[in-house]
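No lab work stands behind these numbers, since they all come straight from the coordinates. For clarity, every value in this text was computed on a predicted model and none was experimentally measured. Counting neighbours? That spans all protein chains shown, and the Cβs are built from the backbone with ideal geometry, glycine included.
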Amino acid sequence: MAQKVAFITGGNRGLGFQTALDLKQGEEAVAKLRAAGTDADVIKFDINSEADHQAAYDYFNSKFGRLDILVNNAGVAGGTFPGTGPEHRASDVPLDLLHKVFETNFFAPVALTKTLLPLLKKSPAGRIVNLSSILGSLTLQADPKSPIYNAKSFAYDASKTALNAFTVHLAYELRGTNIKVNSAHPGWVKTAMGGEQAPMELEEGSKTSVELATLPENGPSGGYFHLGKPLPW
């Protein structure tokens, strides 16, 4: 099957937009994608709306009868990077902020994936990519020699650790099927979240998601990757 049906949440800007563009090699976001040769469409979608989850299912089910690729890209930072405010500290993080970050970065992707999974099971090669972060690695966060040891942002980091757990558990559940589930660390990228001080451009930051979204039959599942290399959990 040459044509893939992909749904990328948060695809109107940043890494989601670049991932949509790169899956084809090359309103406003849709116009740009189509100009680059991508057969794209846009649907109203709020990651925190269960009604929108069902509307997305109805759209893909009625138009294509399946879904080949789901990239859970939408997310929030919970604070500025780098930062020193209470949102970054485990001892006094505002609980309402913690709930908000987890709702968007963890609970909503889990709920959306659950809703769309029946369509992914109809694909001959379903791929689920969860946009995580190296900041969700407990191994690296606990290692004083790690380059991210001092890059602590509790609400965001913990939400990505939880998302990684979802990757591991869902991949285990779907073992023996045609669906592969992996976590992607895009890198520190120049986006609204990453800021202009980030060293990576969008084109490089989208590479990991694209690679995991287009894995061959013998590709990995249940992994955590950055530019083709595994990361420690």
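Both radii come from the Cα set of segment 51-172: Rg as radius of gyration, Rh as Kirkwood radius; their ratio Rg/Rh reads 1.05. Peptide packing for 216-227, 96-107 was compared via the average number of neighbouring C-beta atoms within 10 Å per residue; ordered from the highest value, the list is 96-107, 216-227.
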